[in-house]
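To start, the structure under review is shown below, and the notes come after it.
The values are calculated or read from the model by the stated rules, or taken from the named source; none is laboratory data. If you're wondering where the values come from, they're calculated on a predicted model, not measured in any experiment. Here the Cβ positions follow ideal geometry from the backbone for every residue, glycine too, while neighbour counts run over all protein chains shown.
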Amino acid sequence: MTIATHPFDALMNITARPPIVFSRGEGAWLWDDTGKRYLDFMQGWAVNSLGHSPDIVIDALTAQARRLITPSPAFYNDISLRLAQALVARNDFDQVFFTNSGAEANEGAIKLARRYGTNHRNGAYEIITFEDSFHGRTLATMSASGKKAFEALFEPKVTGFPKAITNDLASVEALIGDNTVAVMLEPIQGESGVWPATAEFMQALRALTQARGLLLIVDEIQTGMGRTGTLFNYQQAGIAPDIMTLGKGIGGGVPLGALLATNKAAVFEHGDQGGTFNGNPLMCAAGLAVLDHIDRPAFLKSVVDNGHHLAGELQRISARHGLGEVRGSGLLLALDLKRPIAAAVVAEALHDGLLLNAPRPDSLRLMPALNVTRAEIGQMIGQLDAILTRIGAARCVA
Ligand code: PLP
């Protein structure tokens, strides 16, 4: 055993983190261990749908922890049954498998599609995914992702994920062959900078997959659970996919994901899928409380209204500083900075007590809590405006 010389040394160094240690959170705010306060417009990458440590999640977890934490995935438990029923009552799917992360939900979707191929399509196993997509960090989901930085990593990858181009139906059609079993799409590509698939593309993709007997999988890990103003983003396109994956916001901050499928696509056989913590009542209790809170017309309307307001404010800033477009939907938005200054903006913001995310060197991604207030949006915009002015001024001096 080595005694770590610095507290950071005992954690695997898997990403460049700023030397800040967070110790408390409440709503839109985080505090570090020196007591400095930060306005959080990342929220764990769209995870804390109701902000940091919301009472709704605390109460659900506390009450459930006193009742039952983990019976065993070999048995039914009342809370996972309730959450599964609540989910399928609100969308086009019939069955749910709960997971501990988004990647695990996608890994399950990939296995489910392959099982469908074995059972119904002569062993077809290929799943068409998209350039610049992101589906997670397990080996199969990295292989499914179209993220350029993943290309050289962990070879040999899992095979069977040809990449098409979002909003280009011909590029999908060109990849369909005897081995194709499914197409897997993020309705809005989040990690690569908030690039939406159009409703027309999603409709055409549904029609194409149906005509060719293929499954359509939507990865709603980032776009689902109210993030874009409807409970699930695919509903805005008026389509009915065969499989959907959820993660991030579904647990309101705790590790919960879900794989949903129609009866036709839910073809797992005993032994195909499972996991020690899957569907544990503690996490499902949080999911149930979050779903109850989010799926109310007034709440979803506030996401739409605040999303429009935030987009309008970002457009104002863009015009003032000569930046580019504002993309996205609801409270998943990106501001195109037109220049590779995103890292500088994020660093300045951190210094000023504001947490922003830069998915690309030239863009910012905004994904506040779904219950963010106008005052918090106003404060973030004021701080961002000041930072852009400072960075602009620094460029002039240079
Ligand atoms: N799919 C999408 C669209 C995501 O945005 C993410 C996470 O950023 C994932 C999958 C992976 O989820 P997780 O990090 O919970 O494994």
When L139 is run through (1) within 15 Å of the ligand (Cβ to nearest atom); (2) buried (at least 17 other Cβ atoms within 10 Å of the Cβ), the failure sits at (2)
Inside the range 207-260, can you point out the residues that are among the β-branched types (V, I, T) and more than 10 Å from the chain's Cα centre (by Cα)?
T209, I217, V218, T228, T230, I239, I243, V254
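For (1) within 15 Å of the ligand (Cβ to nearest atom); (2) more than 19 Å from A113 (Cα to Cα), each residue gets a yes or a no:
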| position | (1), (2) |
| --- | --- |
| G257 | yes, no |
| L260 | yes, no |
| N263 | no, no |
| Q273 | no, no |
| D295 | no, yes |
Among (1) away from the ligand (no atom under 16 Å from the Cβ); (2) assigned by TED's automatic domain parsing to the domain that holds L356; (3) part of a loop (DSSP other than H, G, I, E, B), Y38 falls short only on (3)
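Looking only at residues in the range 115-136 that are more than 9 Å from the ligand (Cβ to nearest atom) and crowded, with 21+ Cβ neighbours inside 10 Å, which one is nearest to R82 (Cα to Cα)?
Looking at residues that are more than 9 Å from the ligand (Cβ to nearest atom) and crowded, with 21+ Cβ neighbours inside 10 Å, I get Y116.
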State yes or no: is L215 surrounded by 19 or more Cβ atoms within 10 Å (Cβ to Cβ) and away from the ligand (no atom under 15 Å from the Cβ)?
yes
Conditions (1) closer than 24 Å to R115 by Cα; (2) away from the ligand (no atom under 16 Å from the Cβ); number of the one not met by A182
(2)
For the structure I just gave you, tell me whether G190 is closer than 20 Å to L332 by Cα, of a type outside the set (V, I, T) and either crowded, with 23+ Cβ neighbours inside 10 Å or away from the ligand (no atom under 16 Å from the Cβ) (or both).
yes
Residue ranges of strands (runs of 3 or more DSSP E) in the range 237-345 with at least 1 members surrounded by fewer than 21 Cβ atoms within 10 Å (Cβ to Cβ), acidic (D, E) and at pLDDT 95 or above
332-336
